[in-house]
Amino acid sequence: MIVAPTSLVELRVLDGANLYFSRAAVKLTLDLTSLIDAPAPQAKAYASALGLGSTRPGRIGSGFRQRFAIRVVGHIVRRIAREAGIGRIGVRVRAVADVHRLVVAYPWAHEGRARALGAAIVEVVDAFGSDHLTELVGTVGDRVRNEPAGDPPPTLRPKVPVVAVTGTNGKTTTSRMIAHIGRAAGLHVGWSSTDGVYFDGELVKYGDFSGPSGAGQVLSQPGIQLAVTETARGGILRRGVGVAYNDVSVVTNVTADHLGLAGIDTIDQLAEVKEVITQITRPRGWCVVNGDDPRTFAMRLGSPAKCWVFSRDPDSPSIRTVLDEGGRATTVLDGYITVLDQASDAEALVKVVDVPMTLSGLSHYNLENALAAASAALGLGLPRTAVVEGLTSFAPNENNPGRMNMYSVRDFTVVIDLAHNEAGLEALLEIMNGVRQPGGQLLLALGSPGDRADDMVSTMGAIGARGADRVVIGHKDTYLRGRPPEELDAVFRAGTSSVGVDDVPSFPTELDAAKALVGEAQPGDVVAIMSLQDRASLDAWLRAEGATVDTPEILRGKVERAQH
């Protein structure tokens, strides 16, 4: 039996707010090679048969032809919808990097009929060159009309306040800090993250729950009074956001990460994905954005909520803009985390050096996370005293495992951190330099999951080799995702070689790399491991080696000694 080729690459049902709409939508990825590569008269005839008389197809395989196809496909969706008795329908058609492909999306209220509409669109696209297009559109329209409606979207409508947190770096730390502040306010708090689902600080379910299922798991906890959901790009792209709205949205920053995956090829496109959570924030809520990141700062313009900006610079133009617009700001003023409002005096919350996550003010990224968390908590209406208590009692190792965890081993320092992209690695090197004692060296274990683009892996190799005195590669063997470790080694070494470092040994796991570097370390040195999978075993091994967790007081002493 010969199966006719189809234009359908993927039909994906998105259960909640997504890149295309602020509610549930169907996303079709279509291969339009037949239309894109057809002679112009044939392409024009197809459009005319569908009711588009005035069109210019453009040259075969060109960007102009792809734009022509966008118009044609959008018209197909609307024609079928009219035939099916569907009134006005929202349609988004987007070009992708491959000129032969398009993405078309439309919102849905009942899944059965929405899927039927998707199948009808594909059938009409597949009929390119047919002499019976008008009849076919009527036939598939009737089929959609008569299809059983099916279930409504499963998007949750929460009955408790929800804070949604996203960003390239810092979203896990920020969501944990907000949840911690909520508990300091006496609330029963559930939160979801890449590490699992937690309720009042206890792990309920292990795994990556930064997608819509995480929100469902959190909101199902009996007695919950506040939900904090870490919202990653993957979940938004694969399923949409799991809740219909949030009370506070937080975007920490947008930098290069996961590019080249799921049709997201640029940082601007990545920002567009993360912006989704700000678009479903309630009008009486707050959209908390990083004023020092132009892409996140621009997100306030598309949010129905008021803007609460955070910036380390009290004279930032972003702060002046938001205050003039009637919003609020959190910044650092005379060494204090401070809230600004046009209608009242500046309110100092706490000294930066008294917030353990800032590592005595050394970590600029964690200072921004603290500013974001304070903004979100105050935007929820939590008491100032709870915000101060939460910020000052949130300990890096205890409350934020795997993120800038600091240890003392004999006479040197060990740091465990995710550092999963270029910006994260630069932040890690900043911390390493900040605690390195005079004459000490930096020893770094590089690593990356297997699905990162070559240019990112190579760049991290260059950044690490340039910033550290000694680099090795420690593989994340359970996160290679089908990629041979030898291939990752080659890409990392291409990066290190570009800055003149060629002697880069490789180890099968993060723990093996850590053991090698700790064995080399001398007094005053700093050893760092970019850890995704071995955090628990690294912690256990370090403690068995006599390591102790750095308290805020010990860390402050290290910072002071490093500065002299």
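Quick notes on this one:
- Working value for the chain: equivalent-ellipsoid semi-axes of 47, 29, 20 Å, each the square root of 5 times a Cα gyration tensor eigenvalue, largest first.
- The calculated 222 nm mean residue ellipticity attributable to helices in the chain amounts to -12000 deg cm²/dmol, summing -39500 (n - 2.57) over DSSP H runs of n ≥ 4 and dividing by all residues.
- Projecting the Cα atoms of ASN18, GLY74, CYS307 onto the charge dipole of the chain, computed from C-beta unit charges around the Cα centre, puts GLY74 farthest toward the positive end.
- For the chain, the longest principal axis of the alpha carbon atoms and the long axis of helix 364-380 meet at an angle near 70°.
- The angle between the Cα long axis of helix 171-184 and the main principal axis of the chain comes to about 70°, on a 0 to 90 degree scale.
- Here the spin labels are modelled as points 7 Å beyond Cα on the Cα-Cβ line, and at ASP324 and GLU553 they lie 4.8 nm apart.
- Taking the Cα centre of the chain as reference, the dipole from Cβ charges on Lys and Arg (+1) and Asp and Glu (-1) amounts to some 2220 debye.
- The relative contact order of the chain comes to 10 percent, based on Cα pairs under 8 Å that sit 6 or more residues apart.
- Applying the criteria of a DSSP loop state and at most 16 other Cβ atoms within 10 Å to the GluC sites (Glu not before Pro) of region 264-329 yields GLU325.
- Cβ-Cβ FRET estimate between HIS364 and ALA109, R0 fixed at 41 Å, reported to 0.05: 0.35
- Over all pairs of different C-alpha atoms, region 405-562 has a mean inverse distance whose reciprocal, the Kirkwood radius, equals 15.4 Å.
- FRET efficiency, ILE60 to GLU430 (Cβ-Cβ, R0 41 Å, nearest 0.05): 0.20
- In the chain, taking the dipole from charged Cβ atoms about the Cα centre, the farthest positive-side position among VAL189, VAL435, ALA38 is held by ALA38.
- Fewest-first ranking of TYR336, TYR407, using other Cβ atoms within 10 Å as the exposure measure: TYR336, TYR407
- Descending semi-axes in Å of region 313-461, equivalent ellipsoid built from Cα gyration tensor: 32, 19, 14
- Centre-to-centre separation between the Cα atoms of region 176-238 and those of region 38-104: 42 Å.
- Paired Rg and Dmax values of region 162-399, which use every Cα atom, in angstrom: 16.3, 47
- Pairs of Lys residues in the chain, spaced 8 or more positions apart or belonging to different chains, with C-alpha separations under 25 angstrom: 16 in total.
- Net length gained if the chain between ASP142 and GLN563 were fully extended (0.36 nm per residue, minus Cα distance): 144.0 nm
- Label-to-label distance, nm, for residues given as ARG238 and ALA540 (7 Å Cα→Cβ offset): 2.7
- Sorting LEU380, LEU443 from the fewest to the most surrounding beta carbons within 10 angstrom yields LEU380, LEU443.
- When +1 charges are put on Lys and Arg Cβ atoms and -1 charges on Asp and Glu Cβ atoms, the dipole computed for region 8-146 relative to its Cα centre reaches about 600 debye.
- In the chain, the longest principal axis of the Cα atoms and the axis of helix 485-497 are about 70 degrees apart.
Bear in mind that the values in this text are calculations on the coordinates, not laboratory data. What you see is a predicted model, and the numbers here were worked out from it, not measured in a lab. For neighbour counting, all protein chains shown are included, and Cβ atoms are generated from backbone atoms with ideal geometry for every residue, glycine included.
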